[in-house]
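What follows is calculated from the coordinates using simple rules that are stated; it is not laboratory data. Quantities reported herein were computed from a predicted structural model and do not represent experimental measurements. With ideal geometry, Cβ positions are generated from the backbone for all residues, glycine too; neighbour counts draw on all protein chains shown.
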Amino acid sequence: MNMINKNKIIVLLMVVAVIIAAIGNKNKTKTVVINKQSFLAEVVETEDARQKGLGFREGLCQECAMLFQFPHAGRYNFWMKDMKFGLDLLWISEGKIVQIEKNIKSDFLGVLRASFDVDYVLEINSGSVDEFNFKVGDAVSF
């Protein structure tokens, strides 16, 4: 089997794992699109799911994400408790990126908080913001 086919199989297995995890966690998934880049995002809406987030997981596939959906716009806190890999965070308000936190290390001990009221936060793999050239003001569709 050549390297391209192996990589495709690995990506497919990771996507399936995210879907299974979402079903097992009773979370739904949404496709999130930014600048023509699509992510399959596990949606977390409950306080328990938000507190756990991606903690204890080994990683995310390149096209996978976690979408924190809040009942109302506000300034929400995020931390890296129990994380095993780094993240980029996109703070979203009214369908646009309003703040970006890049390359947050898994051992970061502080608290991250948006400077603006947001209704969503998207967690993606560390380095993805730079890879896909995401910027404040970019439109986000669900």
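Annotations
- Nearest-20 debye value, region 54-96 charge dipole, Cβ charges on Lys, Arg, Asp, Glu: 160
- Listed by Cβ neighbour count within 10 Å, with the fewest neighbours leading, Lys30, Lys105, Lys36 appear as Lys36, Lys105, Lys30.
- Fully extending the segment from Ser115 to Asn133 would add 4.4 nm, taking 0.36 nm per residue of separation and subtracting the current Cα-Cα distance.
- Electrostatic bookkeeping for Leu67 treats Lys and Arg as +1 and Asp and Glu as -1; over the other residues with beta carbon under 10 Å from its beta carbon, the sum is -1.
- Footprinting exposure proxy for Thr29, Thr46 (fewest neighbouring C-beta atoms within 10 Å first): Thr46, Thr29
- DSSP-assigned coil residues among GluC sites (Glu not before Pro) in region 37-142, each with at most 16 further Cβ atoms within 10 Å: Glu45, Glu58, Glu94
- Net charge over other residues, Cβ less than 11 angstrom from the Cβ of Phe116 (K, R count +1; D, E count -1): 0
- Over all orientations, region 53-142 has a Cα convex hull whose mean projected area works out to 5.4 square nanometres.
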